[in-house]
Structure formats: C-alpha cells, structure tokens
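Novice: Provided herewith is a single structure, encoded as structure tokens, for subsequent inquiry.
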C-alpha cells in the first residue's frame, strides 16, 4: 500500500477512530514513523478497533408474522402497483396497534411436589396485588387476560383480575413454562435434555405465533391484552418479537410479578416499552424465583 493510499483509507474512517487516524498522519509528517511499514501498522490497528456496523433498516423483516398484505403469497403478490389504492387492498391492511402486557407469575412454593402444590407464597400473593393495582392504575381498556394453565400463573391471574373487573379471563396450555431453545452462552446450573428443548420449543413457538402478531385488518381500535405466564416464555417472546437471536433469551432477568410491554404496529414494527418493570413494588417485596 502506498502512503497516498493509506491516507485515502484514513479519510474513510468515522467517529473517534478518525481522530486517531489524524493523529497518526500528523505524527508521520513530523517524522515519527521511520518508514511506511510502521505507518501502515498504525492504520491497521485503528481499523481493527472499529466497532462492527449496526444492522441497517433493511435487515428488518416486516413480514415476520406472515400478515403483511403486500408480501408474496404462493409466488404472487396480494397487491400490484395498479391495485395499490383499491378498496380490497386497503381493507386487507391492519390499522390498529396491539399492546401486549407480559406478566411473570408471582413468587411460589419451589418445594411443592408437582404443579398443583407449587402455589403462590404469601409474598407472591402480595406481589400479584401490586401488579393488579399497577395495571389498573394505567387506566387502559384491557380486552382480555390470558394465563398459563400452570397453578402459579393461574393464581397470579386470578388475583390480578380482581383489579380489572369485566376483563375476560382465559387459560392456555401453550403458555406453560419450559425450555424454549438452548441458550447461548450455555449455563451450568440448568441443563434440560435435548428432547425437552425439542418438545417445549415447538410449543412455546406455537404460543408466540398465536399471540404475538399485528392486528387483524377487521380490528378498528387499538387493543390492550394481558398474558400472565413465565420468565422463559416471556424472554423468548421478546427476542423473537424484536428479531434478536432467540438463543439469547437467558441473558435477561425478570422479577416475579413484573410487567413487560410490547407494542405491535400495523406496519409490523415492534417496540419494547418496558422489560420486567417492577418499580411499582417496594424494594423489600422484589424476588426473582
């Protein structure tokens, strides 16, 4: 590489690295570098320190939920340029935003023999009261409260529902706790068998596809839905919805009774408005079991 070429490359750097490059060039003018080799080595070191480029907007899959009306279907598009403004096309486009509140169950008896005995502790029941009060204080018009069929989630949902009169309560087996996908990096204290990942992963992914998607085109107003389930399920949902590597789900921690708030826009954009919010509870009431 010639000296002129090295300078040309240096001019292409941005941010803090540009400062380092300019300093190297100035030092070279003062004769600090005895030869071009040392100068090239300095530029190479600066280049190696560059952070990786962030993904561009084009990396986002707007049809992640397979509900984009403009996406290809069976090799054809639902709309063409000439039909873009037709009533049928407009009617097929979602218009409302879905707000999904993912609630982790409260503290429960870890020593219970089987699911039926793993009931909420007195503190867990108190935590659920705080969560119900918080959801009510938001003043939103909730459409439905869905909960995992496991005992600890069912009890948490029942307590929360007392603060939200008139909100429909539903149970779903797909939302039960499990091992969604082998975490990266691995952990030593928790190692399910491969078959558990295989079975639980398919079920939890099915739950994601059922509940995490943009609004139906027939939905006219924004909706607010509550799902009471488990930490593993919620963390996996968040990774999938944000199109982060799902293997990273175990890198997040969620307190008992915490609130995670996802928004899904008609365009397919997803926003995370809160992750594991439990600031509405006194510090001495916080647990993560």
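Novice: Please determine whether any residue of the stretch 193-204 is assigned by TED's automatic domain parsing to the domain that holds residue 175, farther than 20 Å from residue 289 by Cα, assigned to a strand (DSSP E or B) and touching a helix residue (DSSP H, G or I) at 6+ places or on another chain (Cβ under 8 Å).
Specialist: no
Novice: Listed residues 235, 134, 152, 214; which is crowded, with 22+ Cβ neighbours inside 10 Å, modelled with pLDDT of 95 or more and out of contact with any helix residue (DSSP H, G or I) (no Cβ under 8 Å at 6 or more places or on another chain)?
Specialist: Answer to the selection: 214.
Novice: For residue 166, which of the numbered conditions (1) surrounded by fewer than 16 Cβ atoms within 10 Å (Cβ to Cβ); (2) closer than 30 Å to residue 267 by Cα; (3) at pLDDT 95 or above fails to hold?
Specialist: With respect to (1) surrounded by fewer than 16 Cβ atoms within 10 Å (Cβ to Cβ); (2) closer than 30 Å to residue 267 by Cα; (3) at pLDDT 95 or above, residue 166 is out only on (2).
Novice: Taking the stretch 260-274, which residues are crowded, with 16+ Cβ neighbours inside 10 Å, under 23 Å from residue 160 (Cβ atoms) and touching a helix residue (DSSP H, G or I) at 6+ places or on another chain (Cβ under 7 Å)?
Specialist: 260, 262, listed by residue number.
Novice: Please give the number of the condition residue 284 fails out of (1) in a loop (DSSP other than H, G, I, E, B); (2) free of Cβ contacts under 8 Å to residues at least 12 places away in the same chain.
Specialist: (1) is the only condition that residue 284 fails.
The values are calculated or read from the model by the stated rules, or taken from the named source; none is laboratory data. Computed from a predicted model, the values in this text were never measured in an experiment. With ideal geometry, Cβ positions are generated from the backbone for all residues, glycine too; neighbour counts draw on all protein chains shown.
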